[in-house]
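Structure, as structure tokens:
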Amino acid sequence: MSTTSASGTLSNKQLAIPVIAAFMASSDLPRLNQALNQGLDAGLTVSETKEILVQLYAYAGFPRSLNALGELMKVLEARKQRGIEDAQGRDPVREIPTGDALLEAGIANQTRISGGVVKGPLFEFAPVINQYLQTHLFGDIFERDNLDWQSRELATVGALAATPGAEPQLLAHMLASLRVGLTAEQLRQVTHVLSERVDKAVADRANEALTQALASEKTTRP
């Protein structure tokens, strides 16, 4: 499912997502507060905003996710006191599979997003980590249908760009962003908004990953 505007550019709502994610990942709560307000003003629902912050625990850790959700609670209460009624949005409606069906769904989601079956020496060395990725991240989380995959990738890119040392994962998710339908120009919008509203170093990491992703796409294209 895509929420891209008719012009092919990212909407203000979409551009708010990587900014929120970057401040969440860097634990910059004052600027996260501002970014959450801007995202809600741009049309993010409460459900979508919560989902972004919940998903990102898988990339930035439970402490940052919990602190960010606490900040969102403060933002919503302050907005309510100012008479702002934010749209609640909808909870996930698709039933999440369990057991073998969850693993099957997670593998299918991971394969689509990664562009092929995920394997290699790392996963042979510690196979349980891929099991967690498949059943929980790409199963439990990516099967939740209250946030589309493009938005999930925008959030992941923002968080990883704000995390020094996560460049390999950032590159992987730039490629994933292209696979779920985001365009090179839209991802350039992301690097631009990160430069304008977050930090040059964060934007530089995102831009380098995008450059590498596009070069990789060009060399693998038939």
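Any chance you could run the full-extension gain for residue 119 through residue 34? It's 0.36 nm times the residue separation minus the Cα-Cα distance, nm to one decimal.
Value of the extension gain: 26.6 nm.
Determine the gain in length on full extension of the stretch residue 128-residue 104; use 0.36 nm per residue of separation and subtract their C-alpha separation, reporting nm with one decimal.
That works out to 7.1 nm of additional length.
By how many degrees, 0 to 90 and rounded to 10, does the Cα axis of helix 149-161 deviate from the longest principal axis of the chain?
Rounded to the nearest ten degrees, it is 90.
Relative to the longest principal axis of the chain, what angle (0 to 90°, nearest 10) does the C-alpha long axis of helix 99-114 take?
Taking the Cα atoms of the chain, the angle to 99-114 is about 90 degrees.
Quick check on the chain: helices-only [θ] at 222 nm, where DSSP H runs of length 4 and up contribute -39,500 (n - 2.57) each and the sum goes over total residues. Nearest 500, please.
Computed mean residue ellipticity for the chain: -21000 deg cm²/dmol.
Quote to one decimal, in nm, the extra length available between residue 77 and residue 41 on full extension: 0.36 nm per residue of separation minus the C-alpha distance between them.
Net length gain for the segment: 11.5 nm.
Gap in Å between the Cα centre of region 158-222 and the Cα centre of region 16-41?
About 18 Å separates the Cα centre of region 16-41 from the one of region 158-222.
Can you give me the angle between helix 29-41 and the longest principal axis of the chain, using Cα atoms only, in degrees from 0 to 90, rounded to the nearest 10?
Helix 29-41 sits roughly 80 degrees off the main axis of the chain.
Please arrange 151, 216 by how many other C-beta atoms lie within 10 Å of their C-beta, fewest to most.
With the fewest neighbours first, 151, 216 line up as 216, 151.
For the residue pair residue 67 and residue 204, what label-to-label distance in nm results when each label sits 7 Å from Cα along the Cα-to-beta-carbon direction?
2.4
Which whole-number percent of Cα pairs in region 101-222 have a distance greater than 18 Å?
54
In whole Å, how far is the Cα centre of region 111-149 from that of region 60-91?
28
Since every read-out is calculated from the coordinates, none of them should be taken as a lab result. Since we're looking at a predicted model, the values are computed, not measured. FYI the Cβ positions are ideal-geometry reconstructions off the backbone, even for glycines, and counts take in every protein chain you see.
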